[in-house]
Amino acid sequence: MSKRIVIALGGNALGTTLKEQFRAVRITAKAIVDLITEGNEVIITHGNGPQVGIINNAMTALTHEDAKQAITPLSVCGAMSEAYIGYDLQSALREELLRRDIHKPVCTLITQTVVDKDDPAFQNPTKPIGKFLTEEEAREVAAKTGYIMKEDAGRGWRRYVASPLPVSIVEAPCIKILSDGGAVVVACGGGGIPVVEEENHHLRGVGAVIDKDFASELMAELLDADMLILLTAVEKVAINFNKENEQWLSALTPDDADRYAAEGHFAPGSMLPKVQAAAKFARSKPGRRALITALEKAKDGIEGKTGTMFFQ
Ligand code: ADP
Ligand code: MG
């Protein structure tokens, strides 16, 4: 039976440099098209950490070269990263589909994600971005821009931004129309561009980053998907990860996931948001499932041969 699946790509699906990404998307496209050949409708999302970092550094460097060059807001850097990654993905997907004689339109949609301006995350920015600076340079940047600069694990000073929760996805109706119409859609890249709602329908881009696992989960709910697949670098979720009593899990109920999370089995910022997103989706409506597995195991995972499946 054909399903609507939201697939979230982790960092390993894209690599960290231009060259790596060009190669990685070809492998990624094969894994995704494998799922399309089974008759599934897929919507693809992805992370953007390294890419938005490169763009942000490049745009900042430009301001040093040319005094008239204004600072490019992080929200604009996010839009650039969505377009750049989407371009590589849509091009690799189109090629792989045609290679298998599948004629489906492919597109990327630049997506905005609404966050709450009163989200407590704004009081405690946790995500370091941009270049490492000396303390003196950092103080100068802070004075000039109002950015929050902090020490990053003994390696130097960096800008810190908040990671608020996604509240709604502005372009969700467009993504639905495209997907209903048979297109393969890449959307909500990097979790979407964070925006806050202001008066007169204005959406203001904010200097923050949205966790792509939480944004993918929200998108899967809004599109009434049957399945959310979070593709990453590990085949399964483990408890006692990297310890001698490590145990890989094939299935998890949302309640067990919550319990293991509270016991500290999943690393914050990496596996924890995935497990929380998967549990939330599995709980959101009867019949919905979420899968966490490795990129190259996506097809086996859907068939129940591997991965960690979340269901009620
Ligand atoms: P992505 O770019 O796909 O979001 P992350 O690095 O953020 O990848 O998260 C996936 C990583 O989380 C895995 O590669 C693994 O090293 C790590 N990890 C932390 N805790 C666990 C766990 N309990 N089980 C499996 N992997 C874990
Ligand atoms: Mg991650």
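The values are calculated or read from the model by the stated rules, or taken from the named source; none is laboratory data. Everything numeric in this text was worked out from a predicted model, so none of it was measured. Because the Cβ atoms are built from the backbone with ideal geometry, glycine has one as well, and the counts that use them run over all protein chains shown. Just the protein is used for accessible areas: all its heavy atoms, side chains included, with ligands, DNA and RNA removed. Shrake-Rupley method; radii C 1.70, N 1.55, O 1.52, S 1.80 Å.
Structure notes:
- In summary, helices (runs of 4 or more DSSP H) completely within region 249-312 and bearing 3 or more residues that are in contact (Cβ under 8 Å) with a residue 24 or more places away in the chain and among the aliphatic types (A, V, I, L, M) occur at 271-284.
- From the list SER168, SER179, the lone residue that is closer than 26 Å to VAL42 by Cβ, in a helix (DSSP H, G or I), of a type outside the set (Asp, Glu) and in contact with a strand residue (DSSP E or B) (Cβ under 6 Å, 6 or more places away or on another chain) is SER179.
- Only one entry in VAL25, VAL33, VAL42 is away from ligand 2 (no atom under 16 Å from the Cβ), farther than 21 Å from ALA83 by Cβ and either touching a Pro at 6+ places or on another chain (Cβ under 6 Å) or open to solvent by less than 10 Å² (accessible area, probe 1.4 Å) (or both), namely VAL33.
- Within region 1-13, residues that are part of a loop (DSSP other than H, G, I, E, B) reach partners that are acidic (Asp, Glu) and modelled with pLDDT of 95 or more with beta carbons closer than 7 Å, at six or more positions or on different chains, in the pairs SER2/GLU41; LYS3/ASP226.
- Residues in region 15-48 that are small (Gly, Ala, Ser) and within 15 Å of SER2 (Cβ to Cβ): GLY39 alone.
- Flag if ILE7 is farther than 18 Å from CYS188 by Cα, surrounded by 15 or more Cβ atoms within 10 Å (Cβ to Cβ) and not charged (D, E, K, R): no
- Subset of region 190-236 that is among the small types (Gly, Ala, Ser), within 25 Å of SER270 (Cβ to Cβ) and out of contact with any Gly (no Cβ under 6 Å at 6 or more places or on another chain) - its residue that is farthest from ligand 1 (Cβ to nearest atom): GLY207
- Region 20-52, subset aliphatic (A, V, I, L, M) and under 15 Å from GLY189 (Cα atoms), residue nearest to the chain's Cα centre (by Cα): ILE44
- Selection within region 93-152 - closer than 25 Å to ALA83 by Cα, open to solvent by less than 40 Å² (accessible area, probe 1.4 Å) and modelled with pLDDT under 95: ILE129, GLY130
- No other residue among GLN51, GLN69 is free of Cβ contacts under 8 Å to residues at least 12 places away in the same chain and touching a helix residue (DSSP H, G or I) at 6+ places or on another chain (Cβ under 7 Å) apart from GLN69.
- The residues on offer are CYS188, CYS174, and the sole one that is closer than 25 Å to ASN40 by Cα, within 16 Å of ligand 2 (Cβ to nearest atom) and of a type in the set (A, V, I, L, M, F, W, C) is CYS188.
- Which listed residue is open to solvent by 60 Å² or more (accessible area, probe 1.4 Å) and within 30 Å of CYS174 (Cβ to Cβ), from ASP258, ASP211, ASP226: ASP226
- Residues being over 13 Å from ARG26 (Cα atoms) and either part of a loop (DSSP other than H, G, I, E, B) or hydroxyl-bearing (Ser, Thr, Tyr) (or both) - total across region 66-103: 15
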